[in-house]
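Below you'll find the structure, written out as C-alpha cells, and then a few comments.
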Amino acid sequence: MGYKIVVVGATGNVGREMLNILAEREFPVDEIAALASRRSMGTEVSFGDKTLKCQDLDQFDFTGWDIALFAIGSDATKKYAPIAAKTGCVVIDNSSLYRYDPDVPLVVPEVNAEAVDGYTKKNIIANPNCSTAQMVVALKPLHDRARIKRVVVSTYQSVSGSGKEAIDELWNQTKGIYVPGQEVAPSVYPKQIAFNVIPHIDVFLDDGSTKEEWKMVAETKKIMDKSIKVTATCVRVPVFVGHSESINIEFEDFLDEEEARDILREAPGILVIDKREDGGYMTPVECVGEYATYISRIRQDSTIDNGLNIWCVSDNLRKGAALNAVQIAEVLGNRCLKKG
Ligand code: 2RA
C-alpha cells in the first residue's frame, strides 16, 4: 500500500527534483500527479522511467490525495495550499509562506523530525530556506555535544536558488563577456553576476540586513534552539547549483576540532571531506545531484575560547529544497500516515 502524491509546480527546478528524488528513493507511490500553471498544462515531466503530463493546478481536486509537495511561489501557495489542506491532503510547502507560523512545523528531518507530528493544526508542514537547511544539519550534532552560543555565517549561494531565469542569465552574461556583441544586461539581479559576487539576496530590511539573512536567523531558532544567536551575510555567486557556507561557531564549552570531526563523521546526512592538502575539501560543482551536506575545513577558532570554523556545501535544489521535502514526506508516512 502506497500513497497518492501530488507535486505542485512540477515544471520548476525544485518541482522536477522532487519528482526525481521520489523516484530515486522509491517512495511508496500508488498514484502521482504533476501540477503546473495553466500555461504549462500538458508539459511532460519525468518521474523515474515514466513520463507525466502536467495537469492544471487551478482545476485539480486534491480530495483523496495523501500528500502534496508544493514548489511554487508564496502568492500561489497562499491560494492553493489551504484548498489542498482542507481536503485532508497534507501540504509540504517549499515557499517561505508558512515557515514562521507557530501552527506550522518547520522541519529538517536530521534535526527535528518529531516536529512533523504537529502537522495536524493546519495540515501543512514547512520546508526551510535552502541556506538554512544545510547549516542546521551541520550545527545540530555539534550543538548536542557542546551547546552553541553564537553562529556567524557567510553564504556563497548559486544562481539556481533564484530560478531558471537566473541560470540562463549567468550563462548568457558569461558568453556575452567572451563573445562580443552578446552583451546581456542584468535582469534578475541588480548587478552583473558573471565573474562577480552580489552581497544581496531578497529584499533589504530596516536594520540593513536582507530577508535571506533574516530567514537564516529566524529559521535556525525555530528548528533548533531559540537561544542560539545567528548573524548572516548572504552572497550570490556565479555558480549554477550548490550553496557553500563559511560557518564560525562559538560554543558554551570547549570542543576540540578532532572531536568535532568525529561527531560530524557520525552525524546523519553529513559527509566529511576534510584533508589539509590540495583538493582536500568540497566545492559546489562536486555536490550537484548528491544528497549529502558536505563539511570541510574543520578547524579551531583560536581567537575565542570555544570557537570552531567549518566549510559547508550542499546541492541547494536537493537538501536545500526537494530532498528535504521528500524526507519530510517519508517521516510523515512513517510517523503519522501509516499505510497497510
Ligand atoms: C535563494 N534561498 O538562494 C533563496 C531561495 N531559494 O535565492
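FYI, it's all coordinate maths here, none of it is from the lab. Not measured: the values here are computed from a predicted model. Cβ: placed from backbone, ideal geometry, glycine included. Neighbour counts: every protein chain shown.
Brief remarks follow.
- Pairwise centroid distance, computed over Cα atoms, of region 74-88 with region 181-251, Å: 28 Å
- Multiplying each eigenvalue of the alpha-carbon gyration tensor of region 1-46 by 5 and taking the square root yields semi-axes of 19, 12, 7 Å, largest first, rounded to whole angstroms.
- Cross-link check: pairs Lys140/Lys221; Lys140/Lys222; Lys53/Lys319; Lys79/Lys221 evaluated at a Cα-Cα cut-off of 21 Å; pairs beyond the cut-off: Lys53/Lys319; Lys79/Lys221.
- For region 236-300, convex hull volume per residue from C-alpha positions, Å³: 106 Å³
- Note on the chain: semi-axes of the ellipsoid equivalent to its C-alpha gyration tensor, largest first and rounded to whole Å, are 32, 26, 18.
- Exposure proxy ranking, count of Cβ atoms within 10 Å, fewest first, for Met224, Met18, Met41: Met41, Met224, Met18
- Kirkwood-based shape ratio for region 105-174, expressed as Rg/Rh from alpha carbons: 1.11
- Our compactness index for region 19-95, the C-alpha radius of gyration over the empirical 2.2 N^0.38 Å, is 1.07.
- Packing order of peptides 280-287, 171-178, 102-109, highest average first: 102-109, 280-287, 171-178 (average count of other Cβ atoms within 10 Å over each peptide's residues).
- The coefficient of translational diffusion for region 81-124, derived via Stokes-Einstein from the alpha carbon Kirkwood radius under 4 °C and 1.567 mPa s, stands at 121 µm²/s.
- Taking 4 °C and 1.567 mPa s as conditions, region 99-138 diffuses translationally at an estimated 126 µm²/s according to Stokes-Einstein applied to its Kirkwood radius (Cα pairs).
- Each residue, Asp56 and Glu266, gets one label point 7 Å from its Cα in the Cβ direction; the gap between the two is 5.7 nm.
- Once you reduce region 282-305 and region 1-71 to the center of their Cα atoms, the two points are 33 Å from each other.
- One chain, two ends: Glu277 and Glu165. Fully extended at 0.36 nm per residue, the span grows by 36.6 nm beyond their Cα-Cα distance.
- Where both bridge residues fall in the chain, DSSP classifies roughly 45% of the beta bridges as antiparallel.
- DSSP bridge analysis restricted to region 186-310 gives an antiparallel fraction near 75%, rounded to the nearest 5.
- Charged-residue dipole, Cβ positions (Lys, Arg, Asp, Glu), the chain about Cα centre, Debye nearest 20: 760 debye
- Classified by the C-alpha gyration tensor, region 156-289 has an oblate form. Its axis ratio a/c, with a ≥ b ≥ c, is 1.5 or above, and a/b does not exceed b/c.
- Hypothetical label at Tyr100: residues of region 72-88 whose amide nitrogen lies under 16 Å (7 Å Cα-Cβ projection): 74-75
- Share, in percent, of DSSP beta bridges within region 1-124 that are antiparallel, nearest 5: 20 percent
- For region 203-280, the extents of the C-alpha atoms along the principal axes are 41, 35, 20 Å, listed from largest to smallest.
- Counting 0.36 nm for each residue step from Glu44 to Glu183 and taking away their Cα separation leaves a gain of 46.8 nm.
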